[in-house]
1. Return the pairs, sorted by first residue and then second, in which the second residue is surrounded by fewer than 20 Cβ atoms within 10 Å (Cβ to Cβ) and of a type in the set (S, T, N, Q), the first residue lies in the stretch A:82-110 and is over 18 Å from A:TYR14 (Cβ atoms) and more than 10 Å from chain B (Cβ to nearest Cβ), the beta carbons are less than 8 Å apart, and the residues are 6+ apart or on different chains.
2. Pick from the stretch B:228-249 the residues that are in contact (Cβ under 8 Å) with a residue 12 or more places away in the chain and charged (D, E, K, R): which of them is surrounded by the fewest Cβ atoms within 10 Å (Cβ to Cβ)?
3. So the check is Cβ under 6 Å with 6+ separation or different chains; which pairs have a first residue in the stretch B:330-343 that's in the same structural domain as B:PRO31 (by TED's automatic domain parsing) and of a type in the set (A, V, I, L, M, F, W, C) and a second one that's at pLDDT below 95 and surrounded by fewer than 19 Cβ atoms within 10 Å (Cβ to Cβ)?
4. Considering only residues of the stretch A:21-47 that are within 17 Å of the chain's Cα centre (by Cα) and of a type outside the set (A, V, I, L, M, F, W, C), which is nearest to the other protein chains (Cβ to nearest Cβ)?
5. Tell me which residues, restricted to the stretch B:200-227, are at pLDDT 95 or above and surrounded by fewer than 21 Cβ atoms within 10 Å (Cβ to Cβ).
6. Here are some residues: B:SER91, B:SER100, B:SER64. Which one is hydroxyl-bearing (Ser, Thr, Tyr), farther than 26 Å from A:LEU16 by Cβ and buried (at least 18 other Cβ atoms within 10 Å of the Cβ)?
7. Go through the residues of the stretch B:324-334 one by one and say whether even a single one is at negative phi, of a type in the set (Lys, Arg) and touching a helix residue (DSSP H, G or I) at 6+ places or on another chain (Cβ under 7 Å).
8. Out of all the residues in the stretch B:15-65, which are part of a loop (DSSP other than H, G, I, E, B), within 14 Å of chain A (Cβ to nearest Cβ) and either in contact with a helix residue (DSSP H, G or I) (Cβ under 6 Å, 6 or more places away or on another chain) or of a type in the set (Asp, Glu) (or both)?
Amino acid sequence: MSVARTWRTRKQRYALVGERCDYCQNAIFPPRDVCPHCAEPAQKEFALSGRGTVYSYTTVFDPPTGFDAFAPYPVALVKLDEGPMVTAQLTDIMPDQVKIGMPVEMVTRKLNEQGDEGIIVYSYKFRPQLQRQALAA
Amino acid sequence: MTEVKDSVLLRPNRPVGIVGYGAYVPIYRLPAREVARIWSGRDAELPIKEKAVAGLDEDTASMSIEAARNALARAQIDPKRIRAVWVGSESHPYAVKPTSTIVAEALDIVPLTQAADWEFACKAGTEAMQAAIAFVGSGMATYALSIGMDTAQGRPGDALEYTAAAGGAAILIGPAEESLATIEASVSYVTDTPDFWRRAHVHYPSHGQRFTGEPAYFHHVTHAAQIMLEELGRKPADYRYVVLHQPNVKFPQRAAKLLGFKPEQVQAGLLVGRIGNTYAGSSLVGMTAVLDEARPGDQVLVVSFGSGAGSDAFSLEVTERIEAARGRAPQTLDYIARRVEIDYATYARMRGKLLMK
């Protein structure tokens with residue numbers, strides 16, 4: 001990811017800032033020019049709550065360039081409470097502990113480093129909901 | 001010339017306090033006996049039980065973001081009203097590029113805010129808090145966010161490797177009338193004492209062995225605390241809790257005893273045995289554990305220590321607003337209870353101690 005692209009997408013990566021469609025009221029993530037639900041343009045910025053559930057998942061053993069340091073790591077399709085489905089890494093969990101339907105929450109973590117001299121890229125990941133753990137304890 | 005004697009206590013023009021606080025401790029724990037297994041072969045008299053270790057995808061920026069989110073969840077204010085984001089750490093991810101702008105962006109505090117990184121070994125977090133008190137207390141800002149956070153590194157096999165840990169806290173300073181705990185006064189006590197240091201471009205810190213005790217930790221911590229007690233006309237018994245910087249379990253226990261505090265006043269804020277020394281986060285994360293259980297009217301004395309060397313002392317009084325606020329975010333003990341034990345090999349991988357090229 002170029003420095004410019006990293007900078008351009010910082011709000012969505014750090015805090016799951018998407019959009020809500022003015023016409024059909026659907027939440028949209030990532031933000032885009034046209035609503036994928038009703039094809040109307042110009043959407044309003046909207047920060048998603050970051051809570052959702054695991055819809056499906058896999059484990060990456062053979063990672064793309066730049067992610068070697070993290071493998072093996074779990075990646076999931078997370079169905080957000082507001083509707084959108086996002087693909088993201090899961091963190092603070094072993095791959096064999098992930099379950100479909102597991103409640104998760106967004107955290108901002110280091111996605112990768114562009115070498116020793118490049119920038120550090122931060123992004124959303126999901127982990128088991130901490131509040132629930134606390135209440136259950 | 002007439003001699004003018006200023007008060008040594010730091011007190012702002014307008015009363016201020018803590019309007020939100022949040023802790024963060026990573027999930028991984030390295031038992032001290034694991035370090036002993038690899039390096040010394042002896043596990044008698046270990047300085048702590050275990051320490052918190054940052055995961056592969058964690059650093060001072062990501063950890064500060066989570067602690068700050070917890071502080072804002074408790075304060076329930078519009079982040080755009082925060083005029084300063086100050087992060088104290090000795091493990092900022094970049095040598096040049098602020099951690100604070102990353103935190104400010106993630107919390108939607110940008111763009112009308114101060115942002116800077118602070119450095120004073122383990123005292124950087126409370127140094128940022130002092131500045132936030134002044135910034136709000138002068139009337140320049142309504143809210144200022146101060147953070148003490150570290151992913152501390154110890155040289156493999158060194159005494160510090162048992163304790164150098166990851167974690168910290170975010171403290172949002174605001175007007176006293178909105179506070180969960182008001183800040184009555186603070187004091188700073190600083191001298192040039194080289195007990196611990198790290199030169200530029202060097203990976204691991206060096207320290208003066210036993211020199212880190214009497215002339216460094218004990219001298220600064222006890223003087224800052226004593227001056228606070230004398231100037232306020234207080235006795236140790238007036239405080240329900242005391243939280244001291246905690247590089248190991250013994251130092252804060254002994255310093256508290258020297259000052260006349262009882263073990264039960266120290267206990268709630270003494271986390272080092274379970275999470276290690278979180279450096280710039282150490283005294284502040286201890287303070288968050290105290291705020292998690294304190295009752296309105298309780299007095300709390302907090303004293304940090306940073307090598308180099310100095311201490312900041314704060315005298316707090318908990319208000320009724322604490323009861324509603326504490327449940328709005330995970331408590332410090334929730335993070336401590338969330339625990340995955342790792343072995344030394346996993347730790348070596350997570351902390352980048354393996355030669356990869």
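1. As it stands, the answer is A:GLY83/A:ASN26; A:PRO95/A:THR59; A:ILE100/A:SER56; A:GLY101/A:THR53; A:MET102/A:THR53; A:PRO103/A:THR53; A:PRO103/A:GLN129, since those pairs meet every condition given.
2. Of everything passing the filter in the stretch B:228-249, B:LYS235 is surrounded by the fewest Cβ atoms within 10 Å (Cβ to Cβ).
3. If the second residue must be at pLDDT below 95 and surrounded by fewer than 19 Cβ atoms within 10 Å (Cβ to Cβ), the pairs left are B:ALA337/A:ALA137.
4. Among residues in the stretch A:21-47 that are within 17 Å of the chain's Cα centre (by Cα) and of a type outside the set (A, V, I, L, M, F, W, C), the one nearest to the other protein chains (Cβ to nearest Cβ) is A:GLU45.
5. Correct list: B:PHE218, B:HIS219, B:THR222, B:HIS223, B:GLN226, B:ILE227.
6. Exactly one residue qualifies, and that residue is B:SER91.
7. yes
8. If the condition is that a residue be part of a loop (DSSP other than H, G, I, E, B), within 14 Å of chain A (Cβ to nearest Cβ) and either in contact with a helix residue (DSSP H, G or I) (Cβ under 6 Å, 6 or more places away or on another chain) or of a type in the set (Asp, Glu) (or both), then B:VAL25, B:LEU56, B:ASP57, B:GLU58, B:ASP59 are the ones that fit.
The values are calculated or read from the model by the stated rules, or taken from the named source; none is laboratory data. This structure is a prediction, so every number in the text was calculated from the model and none was measured. Neighbour counts are summed over all protein chains in view; Cβ atoms, including those assigned to glycine, are modelled from backbone coordinates with ideal geometry.
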